[in-house]
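Working notes for the structure below.
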Amino acid sequence: MKKLTPFGVLLIFGLIGLLTKDFGLWFAFGLVAFIAVGVAQNRRGGSKTPAEGDDEKEG
């Protein structure tokens, strides 16, 4: 697994909730982790395509 997606984090927390029979608590933690992972990946990764003003001019 190269990168853990926010949906994967939510799925893991949901599975833990089902196994411990306390789904509501773990699903709430999963939602918080879902948002945290999404924000962290957007900050770290950034945009892979160059913006319009970032073109290098030849000459």
Problem set entry | Which listed residue, of Thr20, Thr5, is of a type in the set (Ser, Thr, Tyr), open to solvent by 60 Å² or more (accessible area, probe 1.4 Å) and without any contact (Cβ under 8 Å) to a residue 24 or more places away in the chain | Thr20
For this session: Would you check which residues across region 1-25 are within 25 Å of Gln41 (Cβ to Cβ) and charged (D, E, K, R) and list them?
Result: Lys2, Lys3
Exercise. Has region 37-47 got at least one residue that is surrounded by 14 or more Cβ atoms within 10 Å (Cβ to Cβ), part of a helix (DSSP H, G or I) and at pLDDT 90 or above?
Worked result: yes
For this session: List every residue pair whose Cβ atoms sit under 8 Å apart, with the two residues 6 or more apart in sequence or on different chains, where the first one lies in region 29-45 and is touching a residue at least 12 places away in the same chain (Cβ under 8 Å) and of a type in the set (Val, Ile, Thr) and the second, anywhere, is open to solvent by less than 100 Å² (accessible area, probe 1.4 Å) and outside any helix (DSSP H, G or I).
Result: Val37/Leu4; Val37/Thr5
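The values are calculated or read from the model by the stated rules, or taken from the named source; none is laboratory data. Source: prediction; values computed, not measured. Note that each Cβ is placed from the backbone with ideal geometry, even for glycine, and that neighbours are counted across all protein chains shown. Surface areas here come from the heavy atoms of the whole protein model, side chains and all, with no ligands, DNA or RNA. Shrake-Rupley method; radii C 1.70, N 1.55, O 1.52, S 1.80 Å.
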